[in-house]
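One structure below.
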Amino acid sequence: MRHFLTLQDFTKEEILEIIDISLDIKKNLKSKIYKKELENQTLAMIFEKSSTRTRVSFETGMSQLGGHALFLSNRDIHLGRGEPIKDTARVISSMCDMVMIRTFEQSMIEEFAKFSKVPVINGLTDSFHPVQLLADYMTLVEYESSEDIVCAYIGDGNNMTHSWMILAAKLGFELRIATPKGYEVDENILQVALLLAKESGAVIKTMHDPCEAVKGASVVTTDTWTSMGKEEEKEDRINIFKGFMVNDKMMLLAKKDAKLLHCLPAYRGLEVSEKTFEEHSKIIFDEAENRLHAQKGLMVWLDKQR
């Protein structure tokens, strides 16, 4: 049995296998072919952080695969109200076939998985967002932009940045990360990524100049400057992150056909300009849709490992 807690636990071949399954599932869906590969199975979805795309994609995906998704907020269960995580894990995993958790601490999902009898999927933590990276890379494959990637990440050193580092390190491409001073990536995660990069040949660079990062890039990606749970820092961050907005001027430094990705929600006029966002909106919303297909591929893959 396998869990999906971080891309670090997966080989390059396994990641690409999941993407291939996801692409096949999407192709079938577009042809109105529904294979009930998880028929009569139940996915427990535990949300300590709210979400639009995560809930809709997992719930819809499970339904299309012939199963059922059960939404559980921290108001609905005893988790966080006195019951130990390991007890909640034992109970839920004895009744459900798979668990998706969207929460704050990576340690919470790690402990849950330790005591779970079924696969556990990381729907987002403060440290990582691996399901989003499956969708992102799947999108680049569809747009024929997955070869010789030079990716520039512009913005906060957050869970998306960390996930891009691990993906780059696993697949062996170049990643340049530009953050304001004081908002760099987690040093421990960076060291893990750099160690993995030695094996794959990946190049991972951190810097404070977004223009330097974007120069010649084939992929540019960004995220909100104020992640969930940091709302009280919003005004300070808006001032500190000035100059890190991805706009047309910045995109001109990238390759002519460079792709812009954004995991959404996008705050126009902050991390990305309205004009630039709309110019690249097709790939961004294809990327959003691919959360559905990539997660279906992931769940099918995990089910086959049991």
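The values are calculated or read from the model by the stated rules, or taken from the named source; none is laboratory data. Small disclaimer: the values here were computed from a predicted structure and weren't measured. Neighbour counts are summed over all protein chains in view; Cβ atoms, including those assigned to glycine, are modelled from backbone coordinates with ideal geometry.
Just a few scattered comments:
- Checking every residue in the range 193-205 against the condition of being of a type in the set (S, T, N, Q), within 28 Å of Thr103 (Cα to Cα) and touching a helix residue (DSSP H, G or I) at 6+ places or on another chain (Cβ under 8 Å) gives zero matches.
- Residue that is farthest from Phe241 (Cα to Cα) [pool: residues in the range 267-282 that are surrounded by 18 or more Cβ atoms within 10 Å (Cβ to Cβ) and of a type outside the set (Phe, Trp, Tyr)]: His280
- Selection status of Lys198, surrounded by fewer than 16 Cβ atoms within 10 Å (Cβ to Cβ), part of a helix (DSSP H, G or I) and assigned by TED's automatic domain parsing to the domain that holds Glu147: yes
- Failed condition for Thr226, given (1) touching a helix residue (DSSP H, G or I) at 6+ places or on another chain (Cβ under 6 Å); (2) closer than 18 Å to Gly172 by Cα: (2)
- Screening the candidates Thr139, Thr103, Thr161 for the property of being touching a Lys or Arg at 6+ places or on another chain (Cβ under 7 Å) and of a type in the set (Val, Ile, Thr) yields one hit, Thr103.
- Of the residues making up the range 105-139, those that are hydroxyl-bearing (Ser, Thr, Tyr) and assigned to a helix (DSSP H, G or I) are Ser107, Tyr137, Thr139.
- Total residues in the range 223-252 satisfying the condition of being hydrophobic (A, V, I, L, M, F, W, C), modelled with pLDDT of 95 or more, surrounded by 13 or more Cβ atoms within 10 Å (Cβ to Cβ) and out of contact with any strand residue (DSSP E or B) (no Cβ under 6 Å at 6 or more places or on another chain): the figure is 7.
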